[in-house]
Amino acid sequence: MLRRTLLYLSGQQRLEGFLRRNRLARGFASRFVAGETLEEALAAVRRLNADGITASLDLLGESVRNEAEARTMGRAYHEMLQRIRSERLDANVSVKLTALGLDVSEELSVAVMQELLDYARKCNSFVRIDMESSAYTQRTLDLFEHRFFPNHRENVGVVFQSYLYRTLEDVAWANALRARVRLCKGAYMEPPSVAYPDKKDVDENYLRAMRVLLLEGNYPGIATHDERIIEETKRFAREHDVDPGRYEFQMLYGVRRDLQQSLVADGYRMRVYVPFGTQWYPYLMRRLAERPANVAFITGNVLRELVGARRRRR
């Protein structure tokens with residue numbers, strides 16, 4: 001119930017406005033978001049690279065409202081790729097199609113993405129198309145297969161979410177294409193008609209998809225902080241002689257840093273998803289939904305600040 005409530009709140013703009021102005025909420029968000037500017041995000045990437053960890057940069061901001069915003073977002077991603085190349089950082093980028101105008105016009109989002117993929121190829125870099133809610137899943141995969149992948153087989157990939165019933169079929173489809181896949185559990189509020197409502201079923205579906213990706217996939221990203229799943233991934237890879245260089249683990253910025261460093265120390269490849277930007281509220285709420293224990297921390301501090309402000313006004 002708490003998870004679904006938090007996911008619902010992630011779309012409430014009035015609460016977003018309050019939290020974005022709240023000093024303590026912003027401070028808490030900084031645990032999961034690398035900053036509001038590209039400079040702050042690049043500084044985080046440098047620190048990760050120094051620890052032997054690669055990165056994937058994501059400029060937060062979903063569902064832009066017009067063509068001007070979509071093209072502005074596209075230019076921001078060009079700058080990210082240019083800075084990654086010029087500073088010789090070990091990083092790529094992740095982007096949502098709605099951030100490039102999918103809700104405005106499908107052709108607009110295709111045009112902006114094509115320009116981005118062309119530039120990424122010049123930079124010898126890679127673009128991961130993030131998956132959004134299930135309402136976008138088939139549209140995203142259709143565009144990936146027919147508009148993006150044919151001319152950019154080496155520098156574009158996609159994401160699958162194990163809470164969706166369809167994921168094993170999608171994994172088989174991607175493996176047949178030889179497309180690169182990031183596998184995660186999923187962080188949107190979905191109806192039971194399309195997604196497993198119980199965590200144990202989500203986890204088991206993840207494990208099934210992981211095993212197929214390790215055996216048949218093209219350098220999959222195993223994106224999880226779940227130690228049981230990580231240990232099973234390592235065990236399965238050893239049992240089937242899957243070299244650690246054929247896949248990588250992926251985690252979120254600010255989550256399980258100890259585990260990230262431990263995997264690197266053990267010789268595994270690790271990539272951290274580094275979000276940044278001013279539109280951090282929906283992302284923060286999805287992170288809280290994944291770990292509700294964080295709610296007590298943030299709500300307690302926000303309430304204390306509100307009480308203190310009222311007392312000072314008396």
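The values are calculated or read from the model by the stated rules, or taken from the named source; none is laboratory data. Owing to the predicted nature of the structure, the values given are computational and were not obtained by experimental measurement. Cβ atoms come from the backbone with ideal geometry, glycine included; neighbour counts cover every protein chain shown.
Condition first: of a type in the set (A, V, I, L, M), surrounded by fewer than 16 Cβ atoms within 10 Å (Cβ to Cβ) and under 28 Å from LEU102 (Cα atoms). Now tell me which residues in the stretch 33-75 satisfy that. Walk me through how you get there before you give the answer.
So in the stretch 33-75, the residues of a type in the set (A, V, I, L, M) come out as 33-34, 38, 41-45, 48, 50, 53, 55, 57, 59-60, 64, 68, 70, 73.
So of that shortlist, the ones also surrounded by fewer than 16 Cβ atoms within 10 Å (Cβ to Cβ) come out as 43, 50, 68.
Within the stretch 33-75, ALA68 is the sole residue that qualifies.
Check the stretch 116-125 and report whether any residue there is touching a Pro at 6+ places or on another chain (Cβ under 9 Å) and not small (Gly, Ala, Ser). No, every residue in the stretch 116-125 fails to be touching a Pro at 6+ places or on another chain (Cβ under 9 Å) and not small (Gly, Ala, Ser).
Here is a yes/no grid of residues against (1) assigned to a helix (DSSP H, G or I); (2) at pLDDT below 95:
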{"residue": "PRO192", "(1), (2)": "no, no"}
{"residue": "LYS200", "(1), (2)": "yes, no"}
{"residue": "ASN205", "(1), (2)": "yes, no"}
{"residue": "MET210", "(1), (2)": "yes, no"}
{"residue": "LEU214", "(1), (2)": "yes, no"}
{"residue": "ILE222", "(1), (2)": "no, no"}
{"residue": "HIS225", "(1), (2)": "no, yes"}
{"residue": "ILE230", "(1), (2)": "yes, no"}
{"residue": "ARG235", "(1), (2)": "yes, no"}
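The requirement of being part of a helix (DSSP H, G or I), over 27 Å from VAL33 (Cα atoms), at pLDDT 95 or above and over 19 Å from the mean Cα position of the chain (by Cα) is not satisfied by LEU263. Look at the stretch 91-120: where a residue is on the phi > 0 side of the Ramachandran plot and a partner is assigned to a helix (DSSP H, G or I), sitting 6+ places away or on another chain with Cβ atoms under 7 Å, you get GLY101/GLU67; GLY101/ALA70; GLY101/LEU108; GLY101/SER109; GLY101/VAL112.
For the stretch 235-263, a residue qualifies if it is closer than 23 Å to GLY186 by Cα and out of contact with any helix residue (DSSP H, G or I) (no Cβ under 8 Å at 6 or more places or on another chain), and the qualifying residues are GLU248, GLN250, GLY254, ARG256, ARG257, ASP258, GLN260.
Quick grid of which residues meet (1) touching a His at 6+ places or on another chain (Cβ under 8 Å); (2) in a loop (DSSP other than H, G, I, E, B); (3) over 28 Å from ASN175 (Cα atoms); (4) modelled with pLDDT under 95:
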{"site": "ARG238", "(1), (2), (3), (4)": "no, no, no, no"}
{"site": "VAL242", "(1), (2), (3), (4)": "no, yes, no, no"}
{"site": "GLY245", "(1), (2), (3), (4)": "no, no, no, no"}
{"site": "GLY254", "(1), (2), (3), (4)": "no, yes, yes, yes"}
{"site": "VAL272", "(1), (2), (3), (4)": "no, no, no, no"}
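Candidates ARG83, ARG139: the one that is basic (Lys, Arg) and more than 25 Å from ILE222 (Cα to Cα) is ARG83. Mind checking which residues of the stretch 39-98 are assigned to a loop (DSSP other than H, G, I, E, B) and either under 27 Å from ASP258 (Cα atoms) or in contact with a Lys or Arg (Cβ under 7 Å, 6 or more places away or on another chain) (or both)? Residues satisfying the conditions are ASP51, GLY52, ILE53, LEU60, GLU62, GLU87, ARG88, LEU89, ASP90.
Residues that are farther than 20 Å from PRO150 by Cβ, touching a residue at least 60 places away in the same chain (Cβ under 8 Å) and touching a Pro at 6+ places or on another chain (Cβ under 6 Å): does the stretch 41-52 have at least one?
Scanning the stretch 41-52, I find no residue that is farther than 20 Å from PRO150 by Cβ, touching a residue at least 60 places away in the same chain (Cβ under 8 Å) and touching a Pro at 6+ places or on another chain (Cβ under 6 Å), so the answer is no.
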